[in-house]
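In what follows, a structure is listed as structure tokens, so that the remarks can point back to it.
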Amino acid sequence: MNSEKGKLRAKLSIVVGIITVVFAAGTFFLTRSDLSILSTSTVAGLALIKTMAKQSLPYEVALSNNKPTLIEFYADWCNTCQSMAPILNKVHQQYGESVNWVMLNVDDPQWAKPIEKYRVTGVPQFTFLDSNQQETEILVGKIPETIITKVLQELLS
């Protein structure tokens, strides 16, 4: 009787082992396929966001130099922010001399007051200020280049 219980336990252990291996392999491959979402363009977008943030005008300077301002509220983890980075970089190259470009990371506690002031509800959020630093437009989410360009042209006219 004990040998039958022992055989049954051994078979049960093998079945549990096989299920565990199948589950682990499935989890590995599912996770691996999710990593494919991190394409080279996403990685490049994150790198571009970081570069643009380092090169952006400090918030306090933008508020004091009497030029129109575009504030982008972003987050490093935001896929939309990453995908829009090349578009914004292109627009920045076109309008960078005429408009202050400010990038504020919503995950940085030092930007809590501007986040509250401009009622940031999602990222990316693009807040446009005229030369008197009065809010003229707020756009949230994935915005086409044509709309960003149109708002900037209106801001400069």
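Every read-out reported here was derived from the displayed coordinates using simple, explicitly stated rules and does not represent laboratory data. Since the model is a prediction, treat every value here as computed from it, not as a measurement. Because the Cβ atoms are built from the backbone with ideal geometry, glycine has one as well, and the counts that use them run over all protein chains shown.
Below, the figures for the structure above:
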| read-out | value |
| --- | --- |
| In the range 63-152, trypsin sites (Lys or Arg not before Pro) in a DSSP loop with at most 13 other beta-carbon atoms within 10 Å | Arg119, Lys142 |
| Net lengthening on full extension, Gln134/Ile14 (0.36 nm per residue, minus Cα-Cα) | 36.2 nm |
| Cα-based reach from Lys54 at 20 Å (exclusive), listing aspartates and glutamates while leaving out same-chain residues under 8 positions away | Glu72, Asp76, Glu97, Asp107, Asp108 |
| Net charge of neighbours whose Cβ lies under 11 Å from the Cβ of Tyr74, counting Lys and Arg as +1 and Asp and Glu as -1 | -3 |
| Local electrostatic count, Ser131, Cβ distance below 15 Å [Lys/Arg +1, Asp/Glu -1] | -4 |
| Net charge contributed by nearby residues that have their C-beta within less than 14 Å of Thr149 (K/R +1, D/E -1) | -1 |
